[in-house]
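The values are calculated or read from the model by the stated rules, or taken from the named source; none is laboratory data. Fair warning: this is a prediction, and the values are worked out from it, not measured in the lab. We place every Cβ from the backbone using ideal geometry, glycine too, and count neighbours over all the protein chains shown. To get the accessible areas, we keep the full protein, side chains included, count just its heavy atoms, and leave off ligands, DNA and RNA. Shrake-Rupley method; radii C 1.70, N 1.55, O 1.52, S 1.80 Å.
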Amino acid sequence: MSNNTALILGASGKIGSHSARAFASAGWEVRRYDRRAGNLREAARGADVIVNGWNPPAYHDWAGQLPRMTEQIIDAAKASGATVIVPGNVYNFGDRPGTWSEFTPQEPVSRKGKVRKEMEQTYQRSGVPTIVLRAGNFIDPERNGDVMSLLFLRSIARGKLTVAGDPAAMQSYCYLPDWAKAAVQLAEMRSSLATFEDVPFPGHNFTALELRDFLARELGREIEFTKFPWALFTLLSPFWELAREMREMRYLWSVSHTLSAHKFSCLLPEFRPTSLAEVMRAGLPPSVQAPSVLQHA
């Protein structure tokens, strides 16, 4: 049983909710911070770890909001002596395909990538113990606004898999319960880590073609591709900020990439992720049941 305390920021969001459960399951005292509750520095008093589940709402104004959020968190961590765990992403790496690691040059080609790179540099300069657990696209079994519910499976009931780019491009995915479990394990070994750690989370890797073939077998029916309506988003982008922000990251769906497993495996050699089949199956809505699932219900 742990005597440690984790302060979870954004506890109702994807990272926050899974992290809160994972830390609680590992015996940590979990505090869920509500922005309306007041001073973050005071809320962090006595915390050993701060999990940064905050993100600007509606996928916009990162440049305006992320630096302020980062400074708040750093101030609270300095006051409490806590280690900060940050869910990093792959925007930092730009548009060169490959296996990306902590040694890959960070050459972002988007505004969001530049903001994320600057955010991580701010943590590194601050001297606050920080773990950047870097991951690909989130897959949430609770279908909480993740890549499966918002993109791939939005029309699966009609036998269609929505793709936003090259269906043959390898992409990196992060099953959120696994990320949260890894965050706990890294938090528990924080005293042996460097002040700033950039840890790629290898997660699962597959193409849209592989996902389509898997779901076709699972559902026992033919699955067809349908394209994400980028043309409509282009028309709406002058008037709709979300459309404009999403278009900026369109390139990534056609850049084949994975995240290196080397550092993660060295730090957590006993870690066992959820199976790829379960991860691919996780996003299916309740109205679309696979025969294999019904057989075991």
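A few points about this structure:
- Residue within the range 239-254 that is among the small types (Gly, Ala, Ser) and without any contact (Cβ under 8 Å) to a residue 60 or more places away in the chain present: yes
- Every condition in (1) in a helix (DSSP H, G or I); (2) over 30 Å from residue 171 (Cα atoms); (3) among the hydrophobic types (A, V, I, L, M, F, W, C); (4) modelled with pLDDT under 95 is met by residue 1 except one, and the failing one is (1).
- Test set (1) modelled with pLDDT of 95 or more; (2) surrounded by fewer than 16 Cβ atoms within 10 Å (Cβ to Cβ) - residue 235 fails condition number: (1)
- Residue match in the range 208-224 (condition: open to solvent by 50 Å² or more (accessible area, probe 1.4 Å), on the phi > 0 side of the Ramachandran plot and not hydroxyl-bearing (Ser, Thr, Tyr)): yes
- Of all residues in the range 105-119 being in contact (Cβ under 8 Å) with a residue 60 or more places away in the chain and assigned to a helix (DSSP H, G or I), the one that is most open to solvent (accessible area, probe 1.4 Å): 111
- Residue that is most open to solvent (accessible area, probe 1.4 Å), among those in the range 156-181 that are under 13 Å from residue 228 (Cα atoms) and in contact with a helix residue (DSSP H, G or I) (Cβ under 6 Å, 6 or more places away or on another chain): 166
- For the range 120-155, a tally of residues being more than 17 Å from the chain's Cα centre (by Cα), of a type in the set (Ser, Thr, Tyr) and either over 22 Å from residue 67 (Cβ atoms) or surrounded by fewer than 19 Cβ atoms within 10 Å (Cβ to Cβ) (or both) returns 2.
- Test result for residue 228, among the hydrophobic types (A, V, I, L, M, F, W, C), open to solvent by less than 60 Å² (accessible area, probe 1.4 Å) and touching a strand residue (DSSP E or B) at 6+ places or on another chain (Cβ under 7 Å): yes
- Restricted to strands (runs of 3 or more DSSP E) entirely inside the range 26-104, those with at least 1 residues that are closer than 19 Å to residue 186 by Cα and either open to solvent by less than 20 Å² (accessible area, probe 1.4 Å) or touching a residue at least 24 places away in the same chain (Cβ under 8 Å) (or both) are 29-33, 49-52, 83-86.
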